[in-house]
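Since every read-out is calculated from the coordinates, none of them should be taken as a lab result. As the structure is a computational prediction, the values presented were derived from the model and not from experiment. Every residue, glycine among them, receives a Cβ derived from its backbone with ideal geometry; neighbour counts consider all protein chains shown.
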Amino acid sequence: MISHLTGKIIEKQPTLTILDVQGVGYEVHISTRTFDTLLPIEQTASLWIHTLVREDAILLFGFATQNEKEAFLQLIKISGIGAKTALAILSVMNEEELAIAIEQEDARKISSIPGIGKKTAERLILELRGKLHPTSPLLSTNKHNNNTEDIINTLLALGYNEREANKAIQSLPENIDISEGVKIALKNMMK
């Protein structure tokens, strides 16, 4: 499987680019957000790649970041969401915006994406809740030490979702150790 390509851009369109990697031209489907990050033709670009093998074709999908690729992979796991629809979603909303909309259960915002109806938006929320991890404002506004991430990871491992974990750690003291932080966070969830 091809997972990363670096090469010279020889063609560039809003949903497609062709990368020349040592004399081989790879046609790569991209989101418009990835398109916006690409340099002009004849410049070098690096893309994270998902290879989709079908009976009649081998398709490459490229992403400017690994986070965008991870969001794409989560989207295509959902019944009724194909690769082209997933790219369309990521063309309208970046992975951060999508993750926040899902965690906030904002079906109206998701259904505003062309081709996504209310029922599909609700299915996206249901199936992706807790699977996309935004670098949310909740985390960035907490002035905790580096143990915060370990506390959150412990809560996630215990089966809580990202939103619940973030909410539970909001009241933790700044320099709390991991085990004490987990205990307090669990008590906060019981309230």
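Assorted remarks:
- The local environment of Ala168, defined by Cβ-Cβ distances under 10 Å, has a net charge of +3 under the rule Lys, Arg +1 and Asp, Glu -1.
- Debye log10 I(q)/I(0) for the stretch 1-152, one point scatterer per Cα, at q = 0.21 Å⁻¹: -1.24
- Local electrostatic count at Asp36 - Lys and Arg +1, Asp and Glu -1, tallied over other residues with Cβ under 13 Å: +1
- Centroid-to-centroid, using Cα positions, the stretch 1-62 and the stretch 147-164 are 35 Å apart.
- In order along the stretch 179-189, the phi-based Karplus estimate (6.51 cos²θ - 1.76 cosθ + 1.60, θ = phi - 60°) of 3J(HN,Hα) comes to 5, 5, x, 5, 4, 5, 4, 5, 5, 4, 6 Hz; Gly and Pro are listed as x.
- Table column - 3J(HN,Hα) (Hz), the stretch 88-95, Karplus curve with 6.51, -1.76, 1.60, x for Gly and Pro: 4, 4, 6, 6, 8, 10, 6, 4
- Under the convention that each Lys and Arg Cβ holds +1 and each Asp and Glu Cβ holds -1, the size of the dipole of the chain around its Cα centre is about 600 debye.
- Acute angle (nearest 10 degrees) that the helix 66-76 long axis makes with the longest principal axis of the chain, alpha-carbon atoms: 90
- A cut-off under 15 angstrom between Cβ atoms defines the neighbours of Leu156, and their net charge, with Lys, Arg +1 and Asp, Glu -1, is -1.
- Of Thr85, Thr17, Thr37, the residue with the greatest mean-square motion in the GNM of the chain, using alpha carbon springs below 10 Å, is Thr37.
- The helix-based estimate of mean residue ellipticity at 222 nm for the chain, built from -39,500 (n - 2.57) per DSSP H run of four or more residues and divided by its residue count, is -13000 deg cm²/dmol to the nearest 500.
- Bins of 10 Å, starting at 0 and running to the largest distance - Cα pair percent for the stretch 4-63: 25, 60, 14, 1
- For the stretch 48-64, 3J(HN,Hα) computed residue by residue from phi via the Karplus equation (6.51, -1.76, 1.60; θ = phi - 60°) reads 7, 10, 10, 9, 10, 9, 10, 4, 10, 6, 10, 10, 10, 10, x, 9, 5 Hz, glycine and proline entered as x.
- log10 of Debye I(q)/I(0), alpha-carbon scatterers only, for the stretch 53-121 at 0.17 Å⁻¹: -0.60
- Label point distance in nm, Leu158-Gln13, each placed 7 Å from Cα along Cα→Cβ: 5.2
- Mean-square fluctuations from a GNM of the chain, with a 10 angstrom spring cutoff on Cα atoms, peak among Asn153, Asn175, Asn94 at Asn175.
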